[in-house]
Structure formats: structure tokens, C-alpha cells
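In what follows, a single structure is set out as C-alpha cells and then discussed.
The values are calculated or read from the model by the stated rules, or taken from the named source; none is laboratory data. Computed from a prediction, not measured in an experiment: that's the story for all the values here. No Cβ is skipped: glycine too gets one built from the backbone with ideal geometry, and neighbour counts run over all protein chains shown.
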Amino acid sequence: MTRGGAHGYGDPEQACATRMELCTDDALRRVRAVSARGARQIAMGGKTVLSILPDAPFPATTGLQIRLATNLRVVRELADRSLVLWFGDPAAERDLDALASACDEAAFAAPPVPYAQFSPSMRVRHRLEFVIDAAARRRGRRYPLSLVYDEARAEELVRSAARRLDPDFVVLPIWFLHYAPGLAAEGHRVVADAYDVLTDQTFNLVKTYGRDHPARLPGLIANHLATRAQERLCLPACAEVWANSEPQAERLRELSPSTRVVVVGNVLDERAAEPSPPTTASTIGFISTYGYPPNLAAARHLALEVLPRLRRSLPEARLLLAGGGMAPELSARLGTVPGVEVLGRVADSGSFMSSCAVMAFPLFFRSGPPLKVVEALARGRPVVVSREVAEALRLTHGREALVARGAADASRALARLLTDPGLAAGLAAEGRRVFEARFSLTSAIASARKHSLIGGAHRPDQTES
């Protein structure tokens with residue numbers, strides 16, 4: 001198997017090879033394409049699942065990568081054989097030992113086409129296609145969140161791999177949902193992993209990011225119309241959809257009442273996310289990927305509005321901002337704010353959280369359960385969250401978290417936790433309890449084994465939670 005899928009699962013022209021061109025170490029040799037011998041073993045029996053990944057899941061540092069990694073663990077528990085076809089930048093950092101241990105066989109498909117390569121005229125043409133296809137209620141060849149993959153022939157590669165391997169199930173990321181009708185037409189049962197409801201995600205961006213950047217509104221509206229059509233047209237082609245929470249599941253059922261929906265939540269391996277002792281430092285942490293506008297808005301809110309208020313009563317308070325994707329000029333600007341440290345990408349989110357007394361997540365954007373908040377609960381850190389986050393995670397104010405409305409409220413909540421060790425310890429303990437009950441890998445595996453078709457559940461005409 002080589003770069004770009006030339007000899008991988010998804011090559012439209014050639015059979016699967018047994019070696020990657022990039023085989024330069026033992027870890028990479030363990031991540032191998034399915035040979036003819038391996039394909040014959042699959043044909044002998046057992047339940048096989050082919051998972052399509054938009055990125056290499058290891059090292060699992062972003063929320064998306066964490067979900068991809070934990071889903072592989074769930075599939076590994078439910079299926080007799082777990083196969084992976086992954087896209088992404090072949091030059092990016094990746095942990096192939098971890099990938100090799102998370103599945104039976106894996107193959108690299110192709111790198112996405114960098115968005116920067118699209119000329120302004122191409123971008124305009126794409127958005128016109130989005131709107132025209134949505135208005136005509138027909139399935140398009142391209143969609144906003146999969147565009148860089150669509151241009152890399154991802155659907156062709158995925159369908160070719162499915163034809164060759166003939167798995168019992170193909171697990172698609174929600175971005176690739178428009179590949180489901182073609183796969184279903186060829187007899188494959190498709191499970192869509194909805195780590196968000198795209199209809200709502202893009203609509204919220206219109207309301208929030210579009211309000212602050214009116215020049216971007218036409219493109220944001222085109223994206224919303226396209227993703228709404230994508231879900232309404234393509235969800236019915238799926239045998240099952242995995243939602244990241246019960247509220248998200250209900251929303252998906254509204255969009256496609258005939259589709260089976262199962263909750264496979266945003267979870268973490270409880271063995272890998274143990275609580276750490278509290279720290280006496282007056283440090284507040286926030287970690288995210290700043291290429292996503294709501295995350296960037298949260299960092300600005302904490303640095304420019306919350307921390308200055310907090311330091312009036314607690315001058316030793318510091319805010320640590322971790323994560324990649326922040327523009328250098330903004331990073332430099334926030335770094336000049338008294339008490340703010342911009343750390344950039346950190347190698348270990350657990351160590352970062354252990355260095356913080358409190359984690360703050362003022363995310364004013366309705367979405368699924370944020371995995372970094374789940375990790376903070378798992379690691380025994382008291383959290384201050386927005387109402388939107390509390391609703392997504394079903395956290396109760398004063399029991400598992402402090403819920404803040406606005407900068408003044410958030411500064412008061414942080415001051416309470418930084419000056420009251422008993423309150424902080426109580427919230428941390430309750431947060432860990434909620435994590436183990438609702439957001440641990442063990443709970444997700446148990447739920448999927450009971451409710452998912454991959455786990456052997458029946459009644460495909462019904463939805464499950």
C-alpha cells in the first residue's frame with residue numbers, strides 16, 4: 001500500500017497489496033493492507049466492520065481524534081474483525097503502534113486536497129453547487145465538510161474498498177454521509193457516526209460567526225442549506241446512526257424518522273484518564289482546537305473578559321490556553337494580557353489539566369458533549385461551564401459543575417472554586433462519578449453491545465438509546 005491509495009484498500013484499479021511504501025519502522029509494518037490471504041480469512045466467517053476515518057486517530061489530541069479512537073475500541077469489542085481505511089496528511093504526526101493495537105488491519109487511502117489549493121472562483125462554484133443541489137433536493141457530489149476529501153476521490157476509494165472486502169458493516173463519519181446511498185445500493189450496511197448534527201452545527205455558525213462576520217454570511221448559509229439537504233437525503237440510506245448523546249439522537253430522529261439511531265456517546269477510556277491530585281496554584285485552564293470559531297471565541301472571552309474581572313479580587317489568578325490552530329497575531333495579543341499564558345499545542349492534555357486548579361469551558365454554541373469537558377471530569381478537575389455545555393452533558397449546577405452566564409458570573413464562579421477547596425473537591429468527585437456512569441468507554445461498549453446492530457441487536461426498524 002502506498003501514498004494516495006495507489007495500492008491500498010481503496011485503489012480502484014489494483015488489488016490490495018501487503019506492504020506500504022512508507023514501511024520504515026516496525027510500527028508501520030504492523031499497519032498493513034489486507035492481503036489476498038487476509039481477505040480469504042475474512043470470507044471464512046465472522047462479523048467484519050470497515051471503519052472509514054477522516055484522519056489518523058492517534059495520537060488522540062483533538063476531540064475528533066478522541067472520538068475516532070474510542071469508536072475503534074467499541075468496534076473492536078463488537079466485531080470479529082475490525083478493518084480501517086484512513087485519510088489524512090501522511091506527513092503528520094501519527095502513532096502507528098496505537099492504530100495497530102486498535103484494529104486488525106489498516107490501510108492509508110489518500111490525503112485530502114488542501115483547501116488553500118481551491119481558487120476563489122472554485123470556492124464560489126462549489127457554494128453555488130451546494131445551493132442548487134439543495135434546492136433541487138438531489139444528492140450532490142460534494143458537501144461543505146467533506147469537500148477536501150470529495151476532491152481526493154474519497155467516495156470512489158471507499159466504495160472500491162467495500163466492494164473488495166465485503167464487510168458486514170461500513171462505519172462512515174457523518175461528513176461522508178452522502179457516500180451512504182451508493183454503498184447501500186451495492187448491498188453494504190452503513191453505520192453513520194454522527195459526532196455532530198450537521199444541520200444544527202452549520203445553522204449555529206450562521207447565527208454566531210455570521211453575526212460577527214457578515215461578509216461570510218452567504219458562504220455560511222450555503223453550507224447550512226447543503227448540510228441540511230445532505231442529512232435529510234442520505235440518513236435514510238443508513239442501517240444505523242450513532243449519535244453522541246440522547247439530545248442529538250432525538251434531533252437525528254426528527255430529521256430522519258425511519259432511521260435507526262443508537263447513542264454511542266463521546267467517551268474516554270477510564271483507565272487512561274485517572275483523576276490527579278488537586279493543585280494549590282490559582283490556575284485556570286482551557287484547551288481546544290482554535291481553528292473552530294466557537295473555541296476561539298471561548299478563549300478570547302476568558303482572556304479578555306473573564307480573567308480581568310477575576311484578577312481584581314484574585315490578582316494571582318492565571319489563565320493557561322492550550323491547543324493548536326490559533327493565529328500567531330492573536331496568540332501574541334492574548335499573551336500580552338496580564339495573567340494569560342498561551343501554550344500552543346501540548347503533548348499531553350492530561351498533564352496540562354493536572355497543572356490547572358480549575359478548567360473553564362465558556363462555549364456558547366449548542367453542540368454535542370465536548371470531549372475536553374468530559375476529560376476534565378474524568379481527571380477530577382472542577383469545571384465552570386456555560387449553560388450550553390451543561391445542557392449537552394446534563395450537568396447540574398452546584399453538584400457536578402458551576403454553570404455561568406456571562407463574564408461576571410464566570411469570574412465569580414472561578415473565584416469560588418479557587419478559594420474554596422472543599423467546594424472544588426466535591427465538584428471534582430461528582431464529576432468523576434458522572435463520567436464513569438455516562439462517559440466512560442466501558443459504559444459505551446455495554447450500550448453498543450445491547451443496542452447496536454453491530455453488537456447483534458435486532459429490530460432495525462426501531463431507534464434505540
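ASP97 passes every criterion in (1) over 24 Å from the mean Cα position of the chain (by Cα); (2) assigned to a helix (DSSP H, G or I) apart from (1). Considering ASN223, ASN266, ASN244, the condition of being buried (at least 23 other Cβ atoms within 10 Å of the Cβ) and at pLDDT 95 or above is satisfied by ASN223 alone.
Please find, within the stretch 379-416, the residue that is farthest from THR283 (Cα to Cα) out of those that are in contact with a Gly (Cβ under 9 Å, 6 or more places away or on another chain) and outside any strand (DSSP E or B). Per the stated criteria, the residue is ALA392.
If you go through the stretch 383-432 and pick out every residue that is surrounded by fewer than 21 Cβ atoms within 10 Å (Cβ to Cβ), in contact (Cβ under 8 Å) with a residue 24 or more places away in the chain and acidic (Asp, Glu), you end up with 3.
Tallying residues that are in contact (Cβ under 8 Å) with a residue 60 or more places away in the chain, crowded, with 20+ Cβ neighbours inside 10 Å and not polar (S, T, N, Q) within the stretch 276-293 yields 4.
A single entry from ARG228, ARG159, ARG189 fulfils the requirement of being out of contact with any helix residue (DSSP H, G or I) (no Cβ under 8 Å at 6 or more places or on another chain), charged (D, E, K, R) and not assigned by TED's automatic domain parsing to the domain that holds PRO370: ARG189. Of the residues making up the stretch 350-362, those that are in a loop (DSSP other than H, G, I, E, B) and buried (at least 23 other Cβ atoms within 10 Å of the Cβ) number 2.
Every condition in (1) without any contact (Cβ under 8 Å) to a residue 60 or more places away in the chain; (2) among the acidic types (Asp, Glu); (3) within 24 Å of THR61 (Cβ to Cβ) is met by GLU375 except one, and the failing one is (1). Summed over the stretch 156-186, residues that are surrounded by fewer than 23 Cβ atoms within 10 Å (Cβ to Cβ), closer than 12 Å to ALA237 by Cβ and not aliphatic (A, V, I, L, M) total 3. For the residues ALA317, ALA303, the requirement of being modelled with pLDDT of 95 or more, in contact with a Leu (Cβ under 6 Å, 6 or more places away or on another chain) and either β-branched (Val, Ile, Thr) or within 22 Å of PRO370 (Cα to Cα) (or both) singles out ALA303.
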